[in-house]
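The values are calculated or read from the model by the stated rules, or taken from the named source; none is laboratory data. Keep in mind it's a predicted model, so treat the numbers as computed, not measured. FYI the Cβ positions are ideal-geometry reconstructions off the backbone, even for glycines, and counts take in every protein chain you see. The area values use the complete protein model at the heavy-atom level, side chains included, leaving out ligands, DNA and RNA. Shrake-Rupley method; radii C 1.70, N 1.55, O 1.52, S 1.80 Å.
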Amino acid sequence: MTATKNLEKFTTEVHVWANAFLASGEISQRALAKQAGISGASLSAFLAGTYQGSSENVAKKLLPVLEASKAREAAVRSVREPEIIETAVMREIYFGLKYASDRNDIIVIYGAPGIGKTVSLESYIKTNPTALFMTGSPNIRSGRDIMEELLEAMGKKTQGRNKFLEKSIISALKNSNRMIIIDEAHFLRLDGLETLRRIYDATKCPLVLVGNPKIMEIITDQNKTVTGQFFSRSVRIDYFTVSEPPVLLNGTEGSRQ
């Protein structure tokens, strides 16, 4: 009997913790389910108290994710965020971002890894919170991936056919002037770039792609039917003509890609 009560207490505590974690807005329900390795339907039922399977097993899968989040929060509270010294790389990237914003245009910024592109974008986002920011990766590269990331960033549903998702994004962004920034854009596939081009054409929201030189392997003159707008607005940041990557005031070298 005691063991059963302990399990019920454990499950209840995780249930309360998970609901509070989601209410904080730090993570979406979709992302929490993905990180815990459970289906979205199972998580929804668990949170609602209607799960028909083993709630204990769901709680056990959620616990490591919740504990990791708590550890991150403690680390953030214990370490003062360092200030960043603006460098030539930052100034060039800021210029590109402002250019796109002022003209509601597209711009592609690319350069060698390690020159401070990502830390520059993160600094910009802090003072421009309305911008929609996402990072490409081997798992986030298709048109569908991009649309799901954008919808999640806007707090909208990510389910449905591709055509429905695209219409939802266009409806939400048209005449909004919200900037879309894609870091690590060299991971994007051609269909990902085509999706972004369609969204830009329909909304005229400023669009900025940032990555390493590999991005130009797909943004080529041969692919100009899809990538022509990107190709004509590509700017290379040359490591040898700018200063070192951003350096933190505490003496630690700035974040590198």
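What the table shows:
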{"read-out": "Residue in the stretch 160-167 that is of a type in the set (D, E) and not in a loop (DSSP other than H, G, I, E, B) present", "value": "yes"}
{"read-out": "From the options T127, T87, residue that is farther than 18 Å from F230 by Cβ and open to solvent by less than 60 Å² (accessible area, probe 1.4 Å)", "value": "T87"}
{"read-out": "In the stretch 90-124, residue surrounded by the most Cβ atoms within 10 Å (Cβ to Cβ) [restricted to those that are more than 18 Å from the chain's Cα centre (by Cα) and assigned to a loop (DSSP other than H, G, I, E, B)]", "value": "I115"}
{"read-out": "Selection from the stretch 12-64 of residues that are in a helix (DSSP H, G or I), among the polar types (S, T, N, Q) and farther than 20 Å from Q159 by Cα", "value": "T12, N19, S55, N57"}
{"read-out": "Members of the stretch 29-67 found to be touching a Pro at 6+ places or on another chain (Cβ under 9 Å) and either hydroxyl-bearing (S, T, Y) or farther than 23 Å from N139 by Cα (or both), listed by number", "value": "none"}
{"read-out": "Wholly enclosed strands (runs of 3 or more DSSP E) of the stretch 179-257 bearing at least 1 residues under 22 Å from the mean Cα position of the chain (by Cα), modelled with pLDDT of 75 or more and of a type outside the set (D, E)", "value": "180-183, 207-211"}
{"read-out": "Hey, V89 in contact with a Ser or Thr (Cβ under 7 Å, 6 or more places away or on another chain), farther than 20 Å from I219 by Cβ and either among the aliphatic types (A, V, I, L, M) or modelled with pLDDT under 90 (or both) or not", "value": "yes"}
{"read-out": "Conditions (1) more than 15 Å from F187 (Cα to Cα); (2) open to solvent by less than 40 Å² (accessible area, probe 1.4 Å); number of the one not met by I146", "value": "(1)"}
{"read-out": "Qualifying residue in the stretch 150-159 (condition: surrounded by 20 or more Cβ atoms within 10 Å (Cβ to Cβ), out of contact with any Asp or Glu (no Cβ under 7 Å at 6 or more places or on another chain) and under 27 Å from P113 (Cα atoms))", "value": "yes"}
{"read-out": "Failed item in (1) of a type outside the set (S, T, Y); (2) open to solvent by 30 Å² or more (accessible area, probe 1.4 Å); (3) more than 22 Å from I218 (Cβ to Cβ), with F187 passing the rest", "value": "(3)"}
